[in-house]
Amino acid sequence: MRGHQVSVLDGNTFMVSDDVGDVVASPTLPAGLFSFDTRYISTWILTVNGQRLYPLSVDDLEYHETRFFLVPGEAGLYTRAAMSVIRHREIGGNLRERLTILNHGEEPAEVCVRMDIASDFADFFDVKASRPHRTGKVYTRMEGNRLHLGYRRDTFWRETVISTTVPAKVDGHGLTFDAIINPGGQWSTGLTVETLILGRSDGEELRAGLITYRRARPRIKEDLQEWLDRAPRIACDCEPIATAYRRSLIDLASLRFMPITSEGSSLPAAGLPWFMTLFGRDSILTSLQTLPFTPELASTTLRLMARWQGTRFDDFREEDPGKILHELRYGESAAFEEQPHTPYYGSADATPLFVVLLDEYERWTADGDLVDELEPQARAALDWIDNHADLTGRGYISYQRRNTVNGLENQCWKDSWDSISYRDGRLPGFPRTTCELQGYAYDAKTRAARLARLYWHDDAYADRLVAEAERLRERFNRDFWIEESGHYAVAIEPDGKRVDSLTSNIGHLLWSGIVDPARAETVADRLLGPSMFSGWGVRTLSTEDSRFNPIGYHTGTVWPFDNSFIAWGMRRYGLKRHAARIAKAITDAAGYFHGRLPEAFAGYDRSLTKYPVQYPTACSPQAWSSGATLLLLRTMLGLEPTHDNLMVDPALPETIGRLELLDIRGRWGVIDAFGRGRIAVDSSTPDMPAD
C-alpha cells in the first residue's frame with residue numbers, strides 16, 4: 001500500500017484501497033473489493049498518460065462514499081500540476097466510481113486514461129493468512145463495453161462485471177480511454193463493478209435473489225438519516241462525547257450485515273476488515289450495548305441466532321444441540337468444508353449471552369411476542385449449559401476444541417492462543433473453565449426465570465432456574481476466589497486449581513451479578529489499580545503478569561468494549577466513581593481517534609504517552625467498540641428499565657459538564673434523561689476515593 005488505508009463499505013460489501021484509491025493486492029494488508037468473504041477485485045490501478053497518481057487529500061464523505069483529490073506523477077516541494085484528478089467512489093451493494101480529469105493548462109490536453117483490473121477471487125481466510133488458494137477455473141470475457149472476470153469451482157461460482165458510461169477499449173486486463181480535454185475543461189466517466197454470486201448454468205438463480213440485498217444509491221443516504229433520526233438526540237457540553245456518539249451511530253449503520261437468508265433484516269457485523277460477517281458473541285454483545293439506541297439490532301440478532309441454533313453433535317463444526325453459533329462464512333473454503341464456518345460453533349459464551357440479550361431486550365421494549373416466539377430456543381440454550389457445557393463435571397461451563405485442525409483453542413471472548421495463562425506465564429490445561437463464562441451462565445438463569453414467570457407461565461421452571469443460579473453463585477465464589485490476591489481467578493483447571501493471573505475478565509463478573517457484594521469494591525479497586533488501569537482504560541492483563549505486553553492482542557491492550565461492560569458492572573454494584581473513571585478514560589481516548597474507538601489500543605501507561613497508541617491491526621470500525629460509547633452513555637446516566645419506567649441516576653465525571661439524552665424510546669413511550677458532571681476523576685491517579 002502506498003499510503004494509509006481508505007475504506008468504503010455498505011454492510012456485506014467493502015473496498016480497502018490506498019490513499020489514491022488504488023488497490024494493489026498485498027500479502028500483509030487486505031486490499032481489494034470484498035463481498036461475502038470473496039475478493040472480487042485484487043487490482044484496481046488508475047494511471048493517466050502512464051503515470052500513477054499522487055494524493056492531495058481524501059474526503060471521507062460517509063461510510064459508503066469517499067472522494068480522492070489527486071495529481072499525476074509525484075508531487076514535489078511546489079505542486080503546479082497541469083491536470084488534476086477526482087475519484088468519487090461509493091458502494092451501494094455495487095461499487096460505483098466516477099473519474100473526473102480537469103485540464104488546468106492553456107492548451108488542449110491529450111490524455112490516455114488506463115484502469116488496470118484483476119481479480120484473484122481469493123477466499124478471505126486465504127487473504128488473512130497470506131496464502132495462495134485456488135483450484136477452480138478463472139475466466140475473462142469481454143462483451144461490448146463490459147469486462148467479465150469470473151471464477152468457478154464446481155457449484156462455487158463468482159463473477160465480477162465492470163461497465164462504463166463512456167465507451168472504453170476493453171481487454172482482459174482492464175480498460176483504456178483516450179480523450180482530448182480543452183483548456184479549463186474536464187472529462188469524466190463512470191465505472192460500475194457488480195459482485196455476483198451465480199447459481200445454475202444460466203446464472204439466474206442467485207443473481208436474481210441478490211437483487212433484494214442491494215440498496216439504491218439515493219436510498220442509502222435516506223436510510224442513514226432515518227437511522228440517525230430514530231436514535232435518541234444528544235446535547236452535551238463535552239464536544240468529544242457528542243462527536244463520538246454520532247460517529248458510533250454512523251459506524252453501526254455501516255456495519256449492518258445482511259445474511260443471504262435474513263429476508264432483508266440486518267444485524268451488526270463484527271468489524272472491518274477481518275470480521276465483516278455474522279459473529280454470535282460480537283453481534284449479541286453489540287446488541288446489548290445499543291439497546292437504548294437501536295433496539296432493532298437486538299431483535300434481528302436474536303431471530304438469526306435462533307435460526308442457526310445447533311441441533312446435532314458435529315465435531316467438525318463443534319456444534320451441539322442448543323448451542324449458539326460463533327461465526328458464519330460464505331467463502332470458498334467454507335463452501336468446500338476446508339473451514340468449519342457453515343456455521344462454526346466454537347464459542348462457549350454466545351449461548352448464555354443469547355438468553356441474557358432476550359431478557360434485556362424485553363426489559364427495554366416489552367416485546368413479549370418475541371419472548372414467546374423464542375421460548376424453545378431459550379430453553380434449548382439453557383439445556384446446553386446444563387447438559388453439554390460442563391466438560392469437567394464440576395458444574396461449570398468449560399471448553400475444549402473438538403476440531404483440532406482449525407478450531408479455536410480458546411473459546412471465550414479472548415480467543416487468541418495465549419490469552420489465558422498463569423501469572424508466571426504457564427498455560428493451563430483443557431478443558432478450560434474461565435470465570436466470566438460462569439457469570440454469564442448465572443445471569444442467563446436468573447433472567448430466564450423472570451421470563452418463565454411473566455411469559456412462559458412455568459413457575460416450576462422459574463423456581464428451578466433460580467435455585468440453580470444461586471447454587472452456581474455460591475460455588476463460584478468459593479472455587480474462584482483467591483484470598484491472598486484479592487481477586488477472582490481467570491480460570492480453574494479441571495482439578496480445581498486456580499489460574500492466578502489478574503485479567504479484565506473479572507470485570508465481566510460485575511455486570512453479570514455473580515460477585516459477592518462484599519467483594520465487589522475490592523474487585524473494582526483491583527481493576528483500577530496501577531497494574532491494570534493504564535489511564536486510558538482497563539488493560540486485558542496486569543503489568544505484573546509474565547505474559548504482559550502492551551501491544552499483545554489479549555495480553556495487555558485496552559479494549560473499549562471490555563471497559564464499557566466493566567463500567568456497567570460497576571454501576572450495578574453502586575460503584576459510581578469507579579465507573580465514572582473508566583468512562584472518562586475511554587471517552588478521552590475517543591477524542592484522539594476522532595470519535596471512532598478502534599477494536600483495541602496499546603496498554604502503555606498514560607504517563608508515557610499523551611495519546612492512546614493504536615494496536616497495529618485493530619479493526620476500525622468495529623461493532624462492539626462503536627457500541628462502547630453508547631453503553632458508557634447509558635452507564636453515566638444510570639439508565640435502567642424498571643417495569644414500565646426508565647430509571648435515570650446520573651453519575652458523570654465533572655469534566656463532561658451537562659449531558660442530555662433526548663427521546664429515549666422504550667416500553668415507557670419516550671423519555672428524556674439529564675445529568676451534570678459532579679464526580680472528580682483523575683485518570684492518572686491509581687488511588688480511588690470511596691463511593
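Taking the conditions exactly as written (surrounded by fewer than 18 Cβ atoms within 10 Å (Cβ to Cβ) and modelled with pLDDT of 90 or more), does Arg80 satisfy them or not? It is false that Arg80 is surrounded by fewer than 18 Cβ atoms within 10 Å (Cβ to Cβ) and modelled with pLDDT of 90 or more. So, Ser620, is that one open to solvent by 70 Å² or more (accessible area, probe 1.4 Å), over 20 Å from Thr555 (Cβ atoms) and either out of contact with any Ser or Thr (no Cβ under 6 Å at 6 or more places or on another chain) or among the small types (Gly, Ala, Ser) (or both) or not? So Ser620 does not fit the description; no.
When residues in region 486-508 are screened for being surrounded by fewer than 18 Cβ atoms within 10 Å (Cβ to Cβ) and in contact with a helix residue (DSSP H, G or I) (Cβ under 8 Å, 6 or more places away or on another chain), 2 of them pass. Among residues of region 278-323 being assigned to a loop (DSSP other than H, G, I, E, B) and of a type in the set (Val, Ile, Thr), the one that is nearest to the chain's Cα centre (by Cα) is Thr294.
Summed over region 17-58, the residues that are among the aliphatic types (A, V, I, L, M), under 23 Å from the mean Cα position of the chain (by Cα) and open to solvent by 20 Å² or more (accessible area, probe 1.4 Å) give a count of 1. Only one entry of Thr446, Thr433 meets the criterion of being open to solvent by 20 Å² or more (accessible area, probe 1.4 Å), outside any loop (DSSP other than H, G, I, E, B), within 27 Å of Asn563 (Cα to Cα) and touching a residue at least 60 places away in the same chain (Cβ under 8 Å), and that entry is Thr446.
Condition check for Tyr611 on (1) in contact with a helix residue (DSSP H, G or I) (Cβ under 7 Å, 6 or more places away or on another chain); (2) in contact (Cβ under 8 Å) with a residue 24 or more places away in the chain: one failure, at (2). Restricting the first member to region 281-302 and to residues that are within 15 Å of Ala350 (Cβ to Cβ), and the second to residues that are open to solvent by less than 10 Å² (accessible area, probe 1.4 Å) and of a type in the set (D, E, K, R), the beta-carbon pairs closer than 7 Å and six or more apart or on different chains are Arg281/Asp349; Leu288/Glu360.
Conditions (1) within 30 Å of Ala467 (Cβ to Cβ); (2) modelled with pLDDT of 95 or more; (3) among the small types (Gly, Ala, Ser); (4) touching a Lys or Arg at 6+ places or on another chain (Cβ under 8 Å), marked per residue:
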site: Asp500; (1), (2), (3), (4): no, yes, no, yes
site: Met532; (1), (2), (3), (4): no, yes, no, yes
site: Thr540; (1), (2), (3), (4): no, yes, no, yes
site: Thr543; (1), (2), (3), (4): no, yes, no, no
site: His554; (1), (2), (3), (4): no, yes, no, yes
site: Ala580; (1), (2), (3), (4): no, yes, yes, no
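Would you please name the residue that is least open to solvent (accessible area, probe 1.4 Å), looking only at residues in region 169-183 that are closer than 30 Å to Asp123 by Cβ and in a loop (DSSP other than H, G, I, E, B)? Here the residue is Gly172. For Lys576, the conditions (1) open to solvent by 40 Å² or more (accessible area, probe 1.4 Å); (2) at pLDDT below 95; (3) of a type outside the set (A, V, I, L, M) all hold with the exception of (2).
When the criteria are applied in full, Phe293 meets the requirement of being open to solvent by less than 10 Å² (accessible area, probe 1.4 Å) and out of contact with any Lys or Arg (no Cβ under 8 Å at 6 or more places or on another chain). Whether a residue is closer than 15 Å to Arg96 by Cβ, touching a residue at least 12 places away in the same chain (Cβ under 8 Å) and out of contact with any Ser or Thr (no Cβ under 6 Å at 6 or more places or on another chain) was assessed, and Val161 passes this test.
The values are calculated or read from the model by the stated rules, or taken from the named source; none is laboratory data. None of these values were measured; they are calculated from a predicted model. Cβ atoms come from the backbone with ideal geometry, glycine included; neighbour counts cover every protein chain shown. For accessibility, only protein heavy atoms count, side chains too; no ligands or nucleic acids. Shrake-Rupley method; radii C 1.70, N 1.55, O 1.52, S 1.80 Å.
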